[in-house]
1. Using a Gaussian network model of chain B with C-alpha springs under 10 Å, which one of B:Thr129, B:Thr341, B:Thr171 is most mobile by mean-square fluctuation?
2. What percent does the relative contact order of region B:59-139 come to when contacts are Cα pairs within less than 8 Å and at least six residues apart?
3. Taking the alpha-carbon centroid of each part, what is the distance from region B:88-119 to region B:43-65 in angstrom?
4. Between region B:145-161 and region B:298-365, what is the separation of their alpha carbon centroids in Å?
5. Could you give me the percent of Cα pairs per 20 Å distance bin for the protein assembly as shown, shortest bin first, beginning at zero and ending with the bin that holds the maximum distance?
6. Might you report the magnitude of the Cβ-based charge dipole of region B:119-253 about its Cα centre, with Lys and Arg at +1 and Asp and Glu at -1, to the nearest 20 debye?
7. Per residue of B:1-11, what is the mean number of Cβ atoms on other protein chains within 10 angstrom of that residue's Cβ?
8. Taking Cα pairs under 8 Å and at least six residues apart, what relative contact order does region B:76-219 come out at, in percent?
Amino acid sequence: FPVAPEAEDEGKTLELVETYLQNFYNLQRDHQPHLRNKGENPLAAKLKEMQAFFGLQVTGKPDLRTLEIMKKPRCGIPDIGEYV
Amino acid sequence: FTKGNPKWKSNHLTYRILNYTPKMRQADTEEAIKKALSVWSKVTPLTFRRVEDEEADIVISFAYRDHRDNSPFDGPNGQLAHAFQPGEGIGGDVHLDEEEAWTKDGRGYNLFIVVAHELGHSLGLSHSTDPGALMYPAYSYTDPNEFLLPQDDIDGIQAIYGKSNAAVQPTGPVTPEACDPNLTFDAIATLRGEIIFFKDRYMLRKHPARTVTERNFISLFWSKLPSGIQAAYENIETDEVLVFKEDKYWVIRGYDIAPGYPKPIYHLGFPKTVKRVNAAYSDENTGKTYFFIADRYWRYDENKKSMDHGYPRKIVSDFGKIGRVDAAFQKDGYVYFFHGTTQFQFDPHTKRIVRQMKSISWFNC
């Protein structure tokens with residue numbers, strides 16, 4: 001099976017995920033993940049939205065399959081919300 | 001659909017090509033754009049007229065990084081292009097990232113495919129969750145000569161602009177779902193322990209140790225292979241998969257197509273009266289490969305590299321009442337014959353059908 005990404009890539013992974021969700025899933029750029037906030041982490045919520053759109057397992061976590069899709073060349077229009 | 005359901009008031013639209021990419025001949029760029037427009041005009045009452053040096057509804061241009069529309073491009077790969085929903089000014093315009101490797105074939109990014117997708121946005125469509133749809137957000141290559149607008153996209157655009165004026169309404173391919181009880185297969189082959197089910201331009205891939213069935217475009221692995229493969233089998237000895245369509249066959253080695261292919265099937269010893277192969281499987285123990293065509297079958301000796309004498313024979317006389325064979329493969333000593341949505345498990349030693357199942361029995365539905 002494909003090998004999980006090495007730990008030191010996590011910074012890059014987070015950047016990829018955040019940029020992708022900001023570009024295509026309306027993740028607000030100024031979101032600050034708070035360790036103790038009551039609601040769900042906005043990034044995880046948006047990640048679930050993206051996973052649902054692509055028919056992936058909705059885990060809210062950047063698993064391998066999700067990252068694979070995020071690295072695919074694609075259209076610059078967002079998948080949800082308005083593009084004006 | 002795009003929020004607010006924007007659409008053009010008139011069905012008769014104009015387009016203008018503002019500039020060109022140095023990576024393609026101008027004529028090829030114009031041809032790709034014209035073909036992309038026809039994808040949508042064929043299934044709706046829409047028409048597109050090209051204009052020069054005047055205002056147009058849809059302006060198509062190649063742009064570089066920040067091109068003053070609040071959506072800068074990101075260099076090679078990543079975001080390939082974007083387009084704006086119907087409206088005045090920038091509305092309907094298509095922007096293509098100049099730093100992409102634009103081509104008219106399977107290399108780099110096919111301009112026709114990308115422009116056709118972006119024009120969907122120009123006409124009011126948003127992204128589709130159907131992985132086989134043209135309006136699916138991720139790029140995937142299909143040979144432009146084989147391109148058919150999928151049904152999902154036809155349904156979408158006709159919901160906005162109505163049906164085509166053509167006497168016969170156009171229909172498009174549907175994305176196969178592994179657990180669709182009506183699913184039939186074009187061809188099936190084992191491949192290094194996995195089973196590959198070919199259907200239209202897709203392959204369903206089943207690994208014995210994974211419950212999930214993976215669906216990919218055939219072109220993802222072998223961009224030079226056509227869709228609609230008609231027969232396939234694995235020669236385990238040589239680690240090759242042979243795939244057949246009409247009177248040609250290809251040899252696959254891993255991710256590569258062996259040089260010099262496709263070749264005519266007659267090189268294998270078929271008579272000229274045979275025009276296509278319906279199904280095939282190879283018995284790794286005997287080195288014999290069985291080809292099924294209509295109600296007869298041939299047997300090929302992989303060691304001698306020639307057809308055995310005394311063939312063709314009638315399928316029913318040696319395999320029983322399995323009817324015409326759409327696809328076949330051998331696994332763990334049994335041969336599995338597929339006919340429509342039915343599958344027969346055949347024991348070549350006792351020459352008996354030992355079980356009958358649904359065609360989708362391999363997918364853990």
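Every read-out reported here was derived from the displayed coordinates using simple, explicitly stated rules and does not represent laboratory data. It should be emphasised that the depicted structure is a prediction, and the values quoted were computed from it without experimental measurement. Don't worry about glycine lacking a Cβ; one is built from the backbone with ideal geometry, like all the others, and counts go over all protein chains shown.
1. Top of the fluctuation ranking is B:Thr129.
2. Working: 130 pairs, mean separation 20.5, N = 81.
With pairs under 8 Å counted, the relative contact order is 25 percent.
3. Region B:88-119 and region B:43-65 have Cα centres spaced 12 Å from each other.
4. 37
5. 22, 47, 27, 3
6. 140
7. Rounded to a whole number, the mean comes out at 1.
8. After rounding, I find 13 percent.
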